[in-house]
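Below are the structure tokens for one structure; questions will follow.
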Amino acid sequence: MFKRNIQGINYSVIVCMIFLFQPVVLADDLPRSGLLYNTKETHSLAYECEQNEDYSLTCDFTQVMVRKKAKPGDITEAITKAKKEFSKGVKFKEKECAMFKTLVDVIEGKMKPPKEGSLNKLSDKEKEDFRELGEKMLKFCDSNSEKDYIEIAKYDHDKKTKTCLVATNRFSQTFDIVSDAMSINEVWVVKSKPEGPCGVIHLSRFEQDKLNDSNFTFWNYVTKKAVTNPKGKTLLGLECKELDDDEYTYDWRSQTHTLGCEYIEFSYL
């Protein structure tokens with residue numbers, strides 16, 4: 001009996017020693033999963049994290065990004081591009097002009113569509129936009145003037161300002177905990193080393209956000225990167241010094257955005 005008690009005491013001491021000398025983090029004190037919202041852009045970030053045997057944290061992220069295909073201020077660039085194209089002798093073929101005429105006539109109900117039911121999937125808004133674009137195309141077919149070609153470019157740009165691109169990005173990061181004796185808030189900092197021709201180092205972190213007079217702990221994700229080789233170039237030819245090195249915060253408080261999207265396109269980027 002006495003031997004069993006001694007064994008029990010020894011076991012308890014061992015357990016206490018483990019908790020005293022290893023950086024154990026309570027479940028409530030580390031990010032597990034959540035949905036966060038970018039405070040500057042129309043982006044969201046879902047994450048799921050698991051703690052590893054060495055007490056680091058590995059997290060899988062799914063980022064959703066929504067942005068306009070074009071900005072109203074880009075109209076000058078669109079017109080300049082159209083003028084350059086016109087100066088190079090851009091012109092529609094006779095077959096293309098005939099196709100535009102058929103499109104307008106079908107939408108206006110002047111003739112049956114070449115393929116039965118081909119317009120059924122289009123909304124009234126889409127039909128009206130196709131009709132308006134077709135008329136501008138036909139006008140240029142008749143005039144071959146720079147003015148009418150620029151009108152097509154303006155219309156295309158205007159539609160792009162009402163079109164939103166939706167893209168997703170999945171990635172994983174591993175974090176180590178950082179804390180000091182003077183602070184009760186802990187920070188999980190990403191493990192990172194220089195990557196790619198630009199030597200990009202990620203400086204992302206999870207920060208605690210405790211509500212006043214509450215025991216609830218929420219987590220915000222802050223992302224930033226440093227370019228250690230600003231004189232280099234990416235594989236796409238972009239200069240490394242042009243890479244975005246601003247800091248972005250993903251907050252746990254939900255946010256809504258008004259973009260005025262009439263069209264949505266899914267994109268890789």
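Could you give the dipole magnitude of the chain about its Cα centre, charging the beta-carbon of Lys and Arg +1 and that of Asp and Glu -1, in debye to the nearest 20?
Here the chain has a charge dipole of around 920 debye.
For each pair in K125/K147; K69/K147; K40/K162, compute the distance between the two Cα atoms and list the pairs where it is over 29 Å.
Over 29 Å apart, Cα to Cα: no pair at all.
Just to be sure I understand: with springs between alpha-carbon atoms less than 10 Å apart, which residue in M65, M137, M111 has the highest mean-square fluctuation in the Gaussian network model of the chain?
Evaluated over the chain, the most mobile residue of the options is M111.
Compute the acute angle (0 to 90°) between the alpha-carbon long axis of helix 124-143 and the principal axis of greatest extent of the alpha-carbon atoms of the chain; round to the nearest 10°.
So the inclination is approximately 50 degrees.
Around K127, under 11 Å between beta carbons, what's the net of Lys plus Arg minus Asp minus Glu among the other residues?
-3
Find which of S172, C59, T234 sits farthest along the positive direction of the dipole of the chain, computed with +1 on the beta-carbon of Lys and Arg, -1 on that of Asp and Glu, about the Cα centre.
T234
Run the numbers for N212 and V178: contour at 0.36 nm per residue of separation, minus the present Cα-Cα distance, in nm. Could you put the intermediate results ahead of the total?
Values: separation 34, 0.36 × 34 = 12.24 nm, distance 2.26 nm.
In short, 10.0 nm is gained.
Determine the dipole magnitude for the stretch 72-163: charges of +1 sit on the beta-carbon of Lys and Arg, -1 on that of Asp and Glu, nothing else is charged, the reference point is the Cα centre, and the result goes in debye to the nearest 20.
Working: 22 positive and 20 negative charges, 50 e Å.
Taking the Cα centre of the stretch 72-163 as origin, the dipole is about 240 debye.
Sorting Y155, Y221, Y55 on the 10 Å Cβ count, fewest up front, what's the list?
Y55, Y155, Y221
Mind checking the stretch 112-169 for GluC sites (Glu not before Pro) that DSSP puts in a loop (not H, G, I, E or B) and that have at most 13 other Cβ atoms within 10 Å? Walk me through the numbers on the way to the answer.
Working: sites: E116, E126, E128, E132, E135, E146, E151; in loops: E116.
When the GluC sites (Glu not before Pro) of the stretch 112-169 are filtered for loop state and at most 13 Cβ neighbours within 10 Å, E116 remain.
Also, quick follow-up: My understanding is that a pair violates if its Cα-Cα distance is over 31 Å; which of K112/K139; K81/K115; K68/K115 do that in this structure?
The pairs that break the limit, which is 31 Å between Cα atoms, are K81/K115; K68/K115.
Here is a further query. So if we plug the beta-carbon distance of L235 and I152 into 1/(1 + (r/R0)^6) with R0 = 41 Å, what FRET efficiency do we get, rounded to 0.05? Please report the intermediate quantities before stating the final value.
Numbers: r = 34 Å, r/R0 = 0.83.
Calculated value: 0.75.
At 0.36 nm per residue, minus the direct Cα-Cα distance, what do V64 and N169 gain on full extension? Give it in nm, one decimal, please.
Working: separation 105, 0.36 × 105 = 37.80 nm, distance 0.66 nm.
Value of the extension gain: 37.1 nm.
Could you pull out which residues in the stretch 204-230 have an amide N less than 12 Å from a spot 7 Å beyond the Cα of W252, following the Cα-Cβ vector?
Residues passing the 12 Å test: 207-212, 214-221.
If N is the number of residues in the stretch 72-163, what value comes out of its Cα radius of gyration divided by 2.2 N^0.38 Å?
The value comes to 1.18.
Picking from S33, L122, T217, whose Cα lies most toward the positive end of the charge dipole for the chain (charges on Cβ: Lys, Arg +1; Asp, Glu -1)?
L122
Using a basic spin-label model with each label point 7 Å from the Cα along Cα→Cβ, how many nm lie between M99 and E41?
Label at M99, label at E41, 3.5 nm between them.
In the chain, if every C-alpha pair distance is counted and binned at 5 Å from zero, what percent goes to each bin?
Here the calculated profile for the chain is 1, 5, 8, 10, 11, 11, 9, 8, 7, 7, 6, 5, 4, 3, 2, 1, 1, 1, 1, 0, 0, 0.
Sticking with this one: Simple spin-label model, 7 Å along Cα-to-Cβ: L119 to E77 in nm?
With each label point 7 Å from Cα toward Cβ, the separation is 3.6 nm.
Here's another thing I want to ask about it. Report the residue, chosen from S33, S44, S214, that carries the largest GNM mean-square fluctuation when the chain is represented by alpha-carbon nodes joined by springs under 10 Å.
Top of the fluctuation ranking is S214.
We did not get these values from a lab; they are worked out from the coordinates using the rules stated. Nothing here was measured: the structure is a model prediction, and the numbers come from that model. No Cβ is skipped: glycine too gets one built from the backbone with ideal geometry, and neighbour counts run over all protein chains shown.
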